[in-house]
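The values are calculated or read from the model by the stated rules, or taken from the named source; none is laboratory data. Just so you know, these numbers come straight off a predicted model, no measurement behind them. Here the Cβ positions follow ideal geometry from the backbone for every residue, glycine too, while neighbour counts run over all protein chains shown.
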Amino acid sequence: MNANQYLLGMTLAEITSAVCELELPKFTAKQIADWIYVKRVKSIDEMTNISIRNRDVLKKHFEVGRKEPQNLQTSVDGTKKMLFETMTGQFIESVTIPEDDRLTLCVSSQVGCKMNCSFCMTGRMGFNGNLTANEILNQVYSVPDSEALSNIVFMGMGEPLDNYENVMKAIEILTADYALAWSPKRITLSTIGVLPKLKLFLDESKCHLAVSLHSPLSVQRQSLMPIEKKYASKEIVELLRNYDWSHQRRLSFEYIMFAGINDSLVYARELTRLLAGLDCRINLIRFHAIPDSEYRPADDETMIAFRDFLTAKGFISTIRASRGEDISAACGMLSTQSKKAV
């Protein structure tokens, strides 16, 4: 057993295996899980119902593995953006979004991203590694007002399904009885549609799903999102038709609107054809301008007309309010390419 392993991010089964290997009482595993995930301790010394001797044994091999944010920015609308250092010395960003009695955390799953979407700051970073379950859960446990979180969305830096094992392990712990015991309905995973992993996610999870679409036309979507060449939107939609979206979980499609590119009613009509018969909602998102980008946001009047067309065709459609744009915390703006801890 290597020194300096992290307890945060381990399942109960893994903790049990570890304590047995250390020849500690098996029941110690449940105590450890309770201290980490329910009581939220930051050190092994705080686990006071475990004997001092056994705590000393644990400390020779493990740390809790919590890291506080290195920097915090607060938007005029109350949105907060945190900069976290990873265990490998890189940086990621997380965002909390308050709304009425809800507090949503936007979680990152990778340092950068492989997908290279043309409108996204994270994509410009390139890919610098997957986050571990520890680094994913550390965001949940270490953001301000962590205990007040009502929802988690995997919509931060990275493509969650490109880091499937670690993301699913984090979700397993979030929803486990020995940890936070969250309902899967409090968790939404956003993906651009990595088909093999998407099918696994649908089969192995009951969490909500959001699919980043941004164009109903394959050729245009490919120019915005190169992944379309490998995993076409029509194939994604056909896969989704095989699942029941009426009760257990919600299906939504994210559609960023770019002025003069995908914002006319021609595209709205094609969108309704592509998604016809699917029990889903469509979230229209303002493009948030990023440096050196050719894209511009669609105006409000155009977005309202687009939404009203979709509504008239029987789709639940909303225009998502922009949050945190003044601190570069809005959709597509997360990047640590030039940041250092402050």
Name the residues in the range 245-269 that are in a loop (DSSP other than H, G, I, E, B) and farther than 22 Å from Glu294 by Cα, would you? Trp245, Ser246, His247, Gln248, Arg249, Arg250
Qualifying residues in the range 21-63 (those that are assigned to a loop (DSSP other than H, G, I, E, B) and either in the same structural domain as Ala133 (by TED's automatic domain parsing) or of a type in the set (Ser, Thr, Tyr) (or both)) - the one farthest from Thr175 (Cα to Cα): Ser51
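Kindly indicate whether any position in the range 313-320 is under 23 Å from Met225 (Cβ atoms), in the same structural domain as Glu238 (by TED's automatic domain parsing) and of a type in the set (A, V, I, L, M).
Yes, the range 313-320 has at least one match.
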Could you count how many residues in the range 12-68 are touching a Lys or Arg at 6+ places or on another chain (Cβ under 7 Å), under 26 Å from Ser142 (Cβ atoms) and surrounded by fewer than 18 Cβ atoms within 10 Å (Cβ to Cβ)? 2
State which residue pairs qualify: first residue among the β-branched types (Val, Ile, Thr) and inside the range 295-315, second residue surrounded by 13 or more Cβ atoms within 10 Å (Cβ to Cβ) and modelled with pLDDT of 95 or more in any location, beta carbons under 6 Å apart, and separation of 6 or more residues or different chains. Thr302/Asp263; Thr311/Ser317
Scanning the range 1-20 residue by residue, those assigned to a loop (DSSP other than H, G, I, E, B) and modelled with pLDDT of 95 or more turn out to be Leu7, Leu8, Gly9, Met10, Thr11
Return yes when Arg55 is more than 17 Å from Glu135 (Cβ to Cβ) and without any contact (Cβ under 8 Å) to a residue 12 or more places away in the chain and no when it is not. yes
With respect to Gly65, is the statement that it is modelled with pLDDT under 95 and on the phi > 0 side of the Ramachandran plot true? no
Going through (1) assigned to a helix (DSSP H, G or I); (2) crowded, with 20+ Cβ neighbours inside 10 Å one by one, Glu165 fails only at (2)
Picking from His214, His288, which residue would you name as being part of a loop (DSSP other than H, G, I, E, B), at pLDDT below 95 and buried (at least 20 other Cβ atoms within 10 Å of the Cβ)? His288
Among (1) of a type outside the set (D, E, K, R); (2) in contact with a Ser or Thr (Cβ under 6 Å, 6 or more places away or on another chain); (3) touching a residue at least 40 places away in the same chain (Cβ under 8 Å); (4) under 22 Å from Thr188 (Cβ atoms), Ile282 falls short only on (3)
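Applying the selection to the range 64-98, what residues are part of a strand (DSSP E or B) and free of Cβ contacts under 8 Å to residues at least 24 places away in the same chain?
Once the filter is applied, which keeps residues that are part of a strand (DSSP E or B) and free of Cβ contacts under 8 Å to residues at least 24 places away in the same chain, the range 64-98 yields only Pro98.
Taking the range 249-279 on its own, how many of its residues are hydrophobic (A, V, I, L, M, F, W, C), within 29 Å of Phe201 (Cα to Cα) and crowded, with 20+ Cβ neighbours inside 10 Å?
6
Residue by residue, here is whether (1) at pLDDT 95 or above; (2) surrounded by 18 or more Cβ atoms within 10 Å (Cβ to Cβ); (3) not charged (D, E, K, R) holds:
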position: Gly112; (1), (2), (3): no, yes, yes
position: Met125; (1), (2), (3): no, yes, yes
position: Gln139; (1), (2), (3): yes, yes, yes
position: Asn151; (1), (2), (3): yes, no, yes
position: Phe154; (1), (2), (3): yes, yes, yes
position: Leu161; (1), (2), (3): yes, yes, yes
Would you point out which residue out of Ser190, Ser142, Ser212, Ser223 is touching an Asp or Glu at 6+ places or on another chain (Cβ under 6 Å) and closer than 27 Å to Phe258 by Cα? Ser212
Kindly check whether there is at least one residue in the range 223-240 that is surrounded by fewer than 18 Cβ atoms within 10 Å (Cβ to Cβ), farther than 26 Å from Ala268 by Cβ and either free of Cβ contacts under 8 Å to residues at least 12 places away in the same chain or over 15 Å from the mean Cα position of the chain (by Cα) (or both). yes
So, first residue over 19 Å from Ala210 (Cα atoms) and in contact (Cβ under 8 Å) with a residue 60 or more places away in the chain in the range 173-196, second residue of a type in the set (D, E, K, R) and part of a helix (DSSP H, G or I), Cβ within less than 8 Å, six or more apart or across chains; the pairs are Tyr178/Lys30; Tyr178/Asp34
For the range 199-209, give me the residue count where each residue is part of a loop (DSSP other than H, G, I, E, B) and either within 26 Å of Asp263 (Cβ to Cβ) or touching a strand residue (DSSP E or B) at 6+ places or on another chain (Cβ under 6 Å) (or both). 1
